[in-house]
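Working notes, structure below.
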2 protein chains.
Amino acid sequence: MLKANKSCIERLYRYRNTLIKLKSIGFVKVFSDNLADGVGVPATQVRKDFSIFGLSGNKRGGYIVDELIEKLNHVLGKNKPVSIIVVGKGNIGSALVHYKGFEKEGIKIVAAFDVDPSKTGHTDDIPVLPTSELKGFVKQHNISVGIIAVPDAAAQQVADVMIESGIKGILNFAPIRLNMPEDIIIHHVNLELELETIIYFVNALNRKVKQEPKQWIEKN
Amino acid sequence: MLKANKSCIERLYRYRNTLIKLKSIGFVKVFSDNLADGVGVPATQVRKDFSIFGLSGNKRGGYIVDELIEKLNHVLGKNKPVSIIVVGKGNIGSALVHYKGFEKEGIKIVAAFDVDPSKTGHTDDIPVLPTSELKGFVKQHNISVGIIAVPDAAAQQVADVMIESGIKGILNFAPIRLNMPEDIIIHHVNLELELETIIYFVNALNRKVKQEPKQWIEKN
């Protein structure tokens with residue numbers, strides 16, 4: 001199973017989300033073309049992804065929506081809720097704690113941690129604890145996934161403590177490269193970098209339009 | 001220039017950020033190996049990326065830090081600040097408005113928009129305007145990049161208005177696929193999907209450890 005890469009797993013989640021939407025509007029059966037349209041990939045990709053996980057349908061009759069959702073839930077381990085923690089209760093950390101999108105996917109933020117005593121206490125929807133209690137909490141509650149939402153300068157130290165505590169997967173919002181053991185799964189969300197690359201390509205596009213106005217007009 | 005892909009541009013930003021850090025601790029000269037270490041890529045990649053943009057150094061003497069930062073700033077268009085807008089002033093939108101990371105990269109959020117009248121008004125650091133004023137504002141201020149931080153159901157409509165107004169680049173936080181003209185640059189930050197794939201791979205890792213305990217022990 002580990003052979004499937006991140007993009008493939010992301011597509012499986014997207015197929016599942018598309019199926020849930022199609023089910024909500026009354027679909028009972030779907031074809032790989034329907035899923036391909038919903039996710040924006042070729043139908044051959046859908047069939048290829050499904051074949052990796054032994055997800056088969058009736059070629060003529062397509063897939064039964066309920067059965068396929070069930071199978072995808074099984075493959076993706078979506079049958080049981082997952083508890084995670086957030087370290088850093090600044091702007092991003094607070095937004096994540098209040099973000100509605102996680103809970104409907106069975107992901108529950110059960111605690112936030114911060115070094116700032118003015119932020120800790122049980123005043124929010126979930127406990128906000130001092131970072132010194134991180135290790136004990138993670139071990140006690142057997143947490144395996146955490147989010148880093150602390151400033152750059154603190155990120156590596158927080159990551160080290162998380163890993164010592166037994167955390168195996170990290171979503172990192174600090175715009176900095178972290179040194180990690182090889183068996184830790186880490187994804188980065190670098191907001192500055194996302195915006196900067198968009199700005200770069202928009203500027204490049206503008207230059208292109210200025211340099212090649214004719215081609216541009218023809219294209220449109 | 002448009003031939004450089006997103007990963008290449010992201011690396012250029014990372015080289016630049018590494019250079020700024022090295023400069024702050026007193027570096028005057030760097031070698032491609034230093035940049036490679038800082039960014040976590042092979043030195044050959046650094047030289048390859050630089051050659052695409054004609055960024056050359058003295059092979060023996062490396063690169064002069066100040067000159068290289070200046071050249072990268074020019075390539076990346078970092079010499080002038082960029083004004084952007086955010087649509088949706090919920091948890092994520094509010095966090096972005098207060099996020100400190102953008103301003104130091106010369107990116108300024110100049111206005112936020114929301115349909116909810118209770119959220120609009122000039123009470124925040126920046127004006128929060130009704131979404132009905134989006135089009136006029138974008139045109140008047142010649143904004144070309146915007147962030148979508150509205151719920152799924154509203155995202156496509158917001159995207160359409162943004163594009164009609166002249167926006168060319170979008171960072172989308174709504175976990176939904178948006179239909180876009182081909183000349184629009186769009187990046188997605190899908191927080192649910194990031195966490196879900198981390199959880200998937202952590203679970204897969206746990207299964208692997210259980211199934212192959214011997215190999216695991218040997219590996220460690």
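The values are calculated or read from the model by the stated rules, or taken from the named source; none is laboratory data. Values in this document were obtained by computation on a predicted structure and should not be read as measured data. Cβ coordinates were reconstructed from backbone atoms using ideal geometry, including for glycine residues, and neighbour counts include every protein chain displayed. Side chains included, ligands, DNA and RNA excluded: accessible areas come from the protein's heavy atoms. Shrake-Rupley method; radii C 1.70, N 1.55, O 1.52, S 1.80 Å.
List of remarks:
- Average other protein chain Cβ within 10 Å of Cβ, residues A:92-101: 6
- Helix A:152-165 axis versus longest C-alpha principal axis of chain A: approximately 90°, rounded to the nearest ten.
- Translational diffusion coefficient (Stokes-Einstein; Kirkwood radius from C-alpha pairs) of chain B at 4 °C, 1.567 mPa s, in µm²/s: 63 µm²/s
- Among A:I143, A:I52, A:I199: highest mean-square fluctuation, GNM of chain A, C-alpha pairs under 10 Å: A:I199
- Degrees, to the nearest 10: A:65-76 long Cα axis against longest axis of chain A: 40 degrees
- Average partner coverage of B:183-194, which counts Cβ from other chains inside 10 Å: 6
- Copy-to-copy label distances for A:D183, where each label lies 7 Å from Cα along Cα-to-Cβ, are 5.3 nm in order of increasing length.
- Label-point distances for B:P81 to the equivalent site in the other copies, using a point 7 angstrom along Cα→C-beta, read 4.5 nm when ranked shortest first.
- P(r) weight above 16 Å for the stretch A:6-76, C-alpha pairs, percent: 37 percent
- Exposure ranking of B:S165, B:S51, A:S132 by accessible area [1.4 Å probe, largest first]: A:S132, B:S51, B:S165
- Translational diffusion of the stretch A:82-189, estimated by Stokes-Einstein from the Kirkwood radius over alpha carbon pairs at 4 °C in a medium of 1.567 mPa s, is 95 µm² per second.
- Measuring between their Cα centroids, the stretch B:165-208 and the stretch A:106-166 lie 25 Å from each other.
- If both residues of a DSSP beta bridge must be in the protein assembly as shown, then about 15% of such bridges are antiparallel.
- To the nearest 10, the accessible area of A:H98 is 50 Å² with a 1.4 Å probe.
- Contact order normalised by residue count of the stretch B:82-189, Cα under 8 Å, 6+ apart, percent: 24 percent
- The longest stretch of chain B left intact once loop-based trypsin sites (Lys or Arg not before Pro) with at most 15 other Cβ atoms within 10 Å are removed from consideration, loops following DSSP, is B:101-220.
- Rolling a 1.4 Å probe across all protein chains gives B:D37 an accessible area of roughly 110 Å².
- Over the protein assembly as shown, the pair-distance histogram of Cα-Cα distances with 10 Å bins from zero comes to 4, 18, 26, 28, 18, 4, 0 percent, rounded to whole numbers.
- Considering the rotation that superimposes chain B on chain A, the residue of B whose beta-carbon lies nearest the axis, and that distance in Å, is B:A95, 2.
- Share of carbon and sulfur in the accessible heavy-atom surface of the protein assembly as shown [1.4 Å probe, %]: 52 percent
- Legend: mean number of C-beta atoms from other chains within 10 angstrom of residue C-beta atoms, peptide A:7-13, equals 4.
- When A:F31 is represented by a point 7 angstrom out along its Cα-to-C-beta vector, the spacings to that point in the other copies are 6.1 nm, nearest first.
- Model label points for A:F137 and B:D183, set 7 angstrom from Cα along the Cα-to-Cβ axis, are 5.0 nm apart.
- Pairs exceeding a 24 Å alpha-carbon distance, out of B:K108/B:K168; A:K89/B:K119; B:K48/B:K168; A:K89/A:K168; A:K6/A:K89; A:K208/B:K168: B:K48/B:K168; A:K6/A:K89.
- GNM flexibility winner over chain A from A:V128, A:V161, A:V39 (Cα, springs under 10 Å): A:V39
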